Every structure is written in C-alpha cells, then in structure tokens.
Amino acid sequence: MLRAPLLAAARSRRMRSLVETVPATRSVVRRFVAGSDTADAVRVVRELTEDGLRITLDHLGEDTTDAAQATTTVRAYEEMLAALAADGLAQGADVSVKLSAVGQFLPVDGEKIALENARRICEAAAAVGATVTLDMEDHTTTDSTLGILRELRVDFPWVGAVLQAYLRRTEQDCRELSGEGSRVRLCKGAYAEPETVAFQDKAEVDRSYVRCLKVLMAGKGYPMVASHDPRMIAIAEKLAMEAGRAPSDHEFQMLYGIRPEEQRRIAADGETMRVYVPYGDEWYGYFMRRLAERPANLTFFLRGLATR
Ligand code: FAD
C-alpha cells in the first residue's frame, strides 16, 4: 500500500530536501549505504571479501541532467577502480552503473554521451580485471540501455545487464540475452511502472521471475540471481542443478545491508554470492526504493528518527 507513494517520493525534489535535512537520517541510511567516499567503499569491500563474498560497487547517482556531473561520476568510478586495484581487491570485482548517472538523460546527445562515458568505465574496469554491469532503471530506458549494452559488448563482451521480471517484455529479453558470454542479472524490479508494461501483482511478478530464471539457466550465458526472496533462491538453486551448472557458472546477488547472514550462509555453502555495495552522497533515490520494498524498513527508519 505504501509502495506507490514512497516510489513517487523517491522522485520528488521537495521530499528529497525534507528527508535529507533531517539530521538523524544519515545514520539510518548507513544500514544500506557503505559510506560517502572511495575509502568507505574500499573498507566495506575488504570486509565483505574477507567473509568470502564478491562485490559489485555502485557509485550512487541517477537522472543527471548536467554533463559535468556525468563526467564527475565517470571519474569517481575510475578513482574507485584504481583504489580497489591498489589494495589487491579489483580482480573479479564488478561495478554497477546507472546510465542515467553518466548522461543518458542529457537533452542533447544523451545516449551518445552515456555510451562514451560507460565505455571509459569499461576501459578502467578492464585494466584492473574487473567487470561492469549496467543497472536497469524505469521502463522508458529499457530499449536505450539494451542498445548501449549491445554497443559496449562489441569491445567488452563481458559487460552485463539487469532485466526486471515485473516487465511483461522481460521473458523475451531473457531469451535474446541467454547466449554465450552474456551476463544477466535478474531482479524483480524496483520502480513504479504502469499496468500496460508491468505485472502489478506480487504473485504474477514471482511467476515471471521463475519463467525468466528457467530461460537463463537453460541458456548458455551467466545468470546472476538478484533476490532476497528465499523461494526464488531455492528455485534458482534447483534449476541450476538441473541444468548442470557449477557455482562458477552462475551467481547469487543481494543488496548491502539486506539479509547479511543469509549472504554469508549461501557463500559458506559453496555458492558464489555477490553483494551490491552502494556508496556516495546521492543516496536519496536508492534509499527510498529500499523503503518502498519493505514496510518494516520504513518503521525502522521512523523509529531511528524518533529515538534521536
Ligand atoms: P521481495 O519479494 O521484494 O522480497 C523478498 C524478501 O526479501 C522479503 O520478504 C524480505 O525478507 C527480503 N527483502 C526484500 N527487500 C528488502 C528490503 N529492502 N529490506 C529488507 N528486506 C528485504 N532493481 C531494478 O529495478 N534495477 C536494478 O538494476 C536492480 N539491481 C539490483 C541489484 C541487486 C544485486 C539486487 C539484489 C536487487 C536489485 N534491484 C534492482 C532491486 C530489485 O528489483 C528488487 O526491488 C529488490 O531486490 C527486492 O526484491 P526481492 O527479489 O528481494 O523480493
């Protein structure tokens, strides 16, 4: 019931300035966000790596309408990848990139600039043995993001993409992206989407997730199962086994701060578990989407504010 208003608030400038100015918000946000700068990100990556987990780092930011800001974001990724390499943490690491943070929405040549900026991040990742995954944003960006993915994969065939099971088109997208070398992160989807393009009912989204999993697990690519849902994880494990996939042929992914004990349990069981670690000052949209996913998080947030 609260999902729609919280997702609307995630895109509201007024709500953003309200939430950001509450002094106690930051310490609550810390549950989901590693910190504000590269040093925070590297520290958390080291801790997770020591616990047997892999990582994908997201330098927070989205919906940029300023070319200089997009360039700053690219530099932040370059700096972070160099810092990971300096600490011996880059090999096998991944970075997650929102194309809207690197220029996709710029009024002139947005897609072209986003492609060039994403290319620079891919070059920096390749230089240190890391990979790149393109996050997926709302449905108006899906075709553009998959188009940019195709262009990037010509030079960097290991670039991955995210597909969202709540979109009606996704089963077909899974088929198209289930070939050799393709890396697909399957998630349920985190944005407010209209009925015309997306399943609205949770059970329908779950059924779509399972159909998509079947396609990806039976395919020749590398499926990345991004969910905290114990049912989806159990089904993915079974499908992977039936398809004869070893732990090196697929992986599980969860968000930093969500079900951390389960993340460690799955890794200890011998599976590959990658944690999505966001950091940076632009945490508002990301944080609001996490609140929208789970009313208990909202209670936690409000309780945190009330006790300060
Ligand atoms: P749900 O049905 O939402 O939840 C199942 C159970 O998981 C819940 O009962 C609860 O126990 C736990 N849980 C779920 N969410 C939370 C939470 N916020 N706090 C605490 N517990 C929780 N979405 C996009 O649209 N684009 C992306 O690019 C994208 N990238 C992602 C990358 C990763 C690695 C992950 C894990 C998710 C990503 N998402 C992305 C978010 C995703 O779409 C879902 O919104 C989110 O993962 C919640 O769905 P779920 O599969 O965990 O299942």
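Working out 0.36 nm times the residue gap between Ala8 and Thr72, then minus their Cα-Cα distance, what length gain in nm do you get to one decimal?
Computed gain between Ala8 and Thr72 is 20.3 nm.
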Please enumerate, by chain and number, the lysines with C-alpha under 18 Å from the C-alpha of Lys98, excluding those fewer than 8 residues away in the same chain. Lys112, Lys188
Top of Thr71, Thr133, Thr38 by mean-square fluctuation, Gaussian network on the chain, Cα under 10 Å: Thr71
Gaussian network model of the chain, Cα within-10 Å springs - most flexible of Val210, Val97, Val33: Val210
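Based on DSSP H runs of at least 4 residues, each adding -39500 (n - 2.57), what is the mean residue ellipticity at 222 nm of the chain after dividing by all its residues, to the nearest 500 deg cm²/dmol?
Values: 13 runs with 155 residues, N = 308.
So the helix-based figure for the chain works out to -15500 deg cm²/dmol.
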Residue range of the chain that is longest and free of GluC sites (Glu not before Pro) which are both DSSP loop and sparsely packed (at most 16 other C-beta within 10 Å): 1-179
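Computed from the coordinates by the stated procedures, all read-outs in this text should not be read as laboratory data. Quantities reported herein were computed from a predicted structural model and do not represent experimental measurements. Cβ coordinates were reconstructed from backbone atoms using ideal geometry, including for glycine residues, and neighbour counts include every protein chain displayed.
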